[in-house]
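Encoded as structure tokens, the structure appears first; notes follow it.
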Amino acid sequence: MSILPNKTDATYLRWAARNLLRISFLGMDPGPVRIWQLVKRYPWINAFLKVNGLMSRLMGIRTGVYRETTGYILNQFVRAFAEIVRDMDRYSERLVWHEDLVPPEVIYAMGLNPFMVEMLGIVLPMVDVAEGERLIDEAENAGLPPDTCTLPRISVGLALKKYLPPPLCVVTSNSPCDGGMTSYAFLEDLYHAPTFRLALPYRYKDKAAIAYYVEEMKKMIAFLEAHTPGRMNWDRLRAVCEERNRAVAYELELWDMLRHKPAPLGSDVVYLGHLAFALLLPGRPSSTEVFKHLVDYARQSMQSGGGLADERYRVLLWNPPTMIFPDIFSWSEEEFGATMVMDMLTFNRHPFIDTSTPETMLHGLAQIFMQGPMAQHTRGPVEYFFDDMFFIHEHYSTDTIWMAGHIGCKNTQALLGMMREKCRRRNIPLLTIDYDLGDSRVVSKDGIKEQVTMFMKTVMGA
Ligand code: SF4
């Protein structure tokens, strides 16, 4: 059976039309001439015209509510992207870059316009892998070592081409890894922007570390006030944190439903929702709405028999998802009935933020900042990496762990031997996929498929 969906089915066509409509809104605001100028200056905007191709791959053979939700999440992705492009232009004099490990709540509450630098390094390989590879080469040719992770290499490539909107200043951190940190030395130099680095302590779950980080955040606020017209508005921060709490409550409800067999939703629907609306745009009513909708879809899906009726294997994905092959799970759902029910980037133990005082808000945010994606598992003692992994495996009754062994991620490459040993002792089938997150020339999609197929046949007996 072909993995191409029937593109004439009503669900695909409806969501494809809605995506095009959303993109066309950019022609009205900021207007056709301005958008044309923006596309010329930032050609990556064009990549989003390919979103329907990505949607068709992600929909795969999915049917019913699961297929509908795949369309919905992609459409929300397009909405969010269009808003980012519009705001990047509309509020250019208030634009601040932030690293993906520095969540934007504080910047937003200060009346500034946050722009996550790594956003494009994550999204470009998914929609236009060749464009991502061109940028990787740019960075390498400029001297960034070829063994640096391709995610920060894409950011540097964009900066070298001046494809990033100029910021007033930059806030970043000493996390999650050497490659990520090094890229900001390039970015700072290329855009001559004042840069503040938050320092994350090693044992970041300790009380003293949280107190230390609260002070770091106060310094960050002072830095932003010194270099931008933004001023801290604690009432606005309270509103942002309360909105964030509402979204987290919905997401927890969704996670509970994912324990159900067959899972009502899964894979890209879960991690794309989290990436865009919990990490990129937290604390906004529109993001809360997305999680509310996902909960509603999951409930409907459970009532109609689950997302993948023929769910034979439940997968826990460790490490960031395979961005050069984002449809890996719609493919594995069809080939093996294997669906992903939870992943490392999505799962977290972020607290609800106590919004009673500025100090309690900073305390809650400090924990969220420190336990950002990847860093929460790949920084600090090794238990931070394994404890959650085995907890999720049991909590979500997964049959196998797939480690997306991105070759540029030295933090996690260093743990592969230990991971193998620990899984063997627990009798958990482990697949390590050798590949590169953003560069399909290292291992192609077919190469990934081959590894998965071999594992499923020989180890899982599929
Ligand atoms: S994938 Fe690994 S190497 Fe790349 S930015 Fe994340 S932690 Fe760093």
Response to the item:
Counting only helices (runs of 4 or more DSSP H) wholly inside the stretch 174-292, the ones holding at least 1 residues that are within 16 Å of the ligand (Cβ to nearest atom) and buried (at least 16 other Cβ atoms within 10 Å of the Cβ) are 178-191, 268-274
Item to complete: Considering each residue of the stretch 133-153, count those that are open to solvent by less than 10 Å² (accessible area, probe 1.4 Å) and either more than 16 Å from the ligand (Cβ to nearest atom) or closer than 17 Å to ARG41 by Cα (or both), and give that number.
Response: 1
Discussion item. Exactly one condition in (1) open to solvent by 10 Å² or more (accessible area, probe 1.4 Å); (2) away from the ligand (no atom under 16 Å from the Cβ); (3) outside any loop (DSSP other than H, G, I, E, B) is false for LYS162; which is it?
Written reply: (3)
Worksheet entry | Segments classed as helices (runs of 4 or more DSSP H), wholly inside the stretch 17-126, with at least 1 members that are in contact with a strand residue (DSSP E or B) (Cβ under 6 Å, 6 or more places away or on another chain) | 64-90, 105-109
Fill in: Flag for ASP439 being within 16 Å of the ligand (Cβ to nearest atom), part of a strand (DSSP E or B) and more than 24 Å from PRO262 (Cα to Cα)
no
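Which of the residues belonging to the stretch 385-414 are within 13 Å of the ligand (Cβ to nearest atom), more than 19 Å from VAL443 (Cβ to Cβ) and either surrounded by 20 or more Cβ atoms within 10 Å (Cβ to Cβ) or under 22 Å from the mean Cα position of the chain (by Cα) (or both)?
If the condition is that a residue be within 13 Å of the ligand (Cβ to nearest atom), more than 19 Å from VAL443 (Cβ to Cβ) and either surrounded by 20 or more Cβ atoms within 10 Å (Cβ to Cβ) or under 22 Å from the mean Cα position of the chain (by Cα) (or both), then PHE385, ASN411 are the ones that fit.
Which residue out of ARG236, ARG244 is touching a residue at least 24 places away in the same chain (Cβ under 8 Å) and over 18 Å from GLN76 (Cα atoms)?
ARG236
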Discussion item. Just the residues that are more than 15 Å from the ligand (Cβ to nearest atom) and either open to solvent by less than 10 Å² (accessible area, probe 1.4 Å) or small (Gly, Ala, Ser) (or both), please, taken from the stretch 113-130.
Written reply: PHE115, ALA130
Fill in: Sole exception among (1) in contact with a Ser or Thr (Cβ under 8 Å, 6 or more places away or on another chain); (2) modelled with pLDDT under 95 for ASN174, by number
(1)
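The values are calculated or read from the model by the stated rules, or taken from the named source; none is laboratory data. It should be emphasised that the depicted structure is a prediction, and the values quoted were computed from it without experimental measurement. Don't worry about glycine lacking a Cβ; one is built from the backbone with ideal geometry, like all the others, and counts go over all protein chains shown. SASA here: full protein model, heavy atoms, side chains in, ligands and nucleic acids out. Shrake-Rupley method; radii C 1.70, N 1.55, O 1.52, S 1.80 Å.
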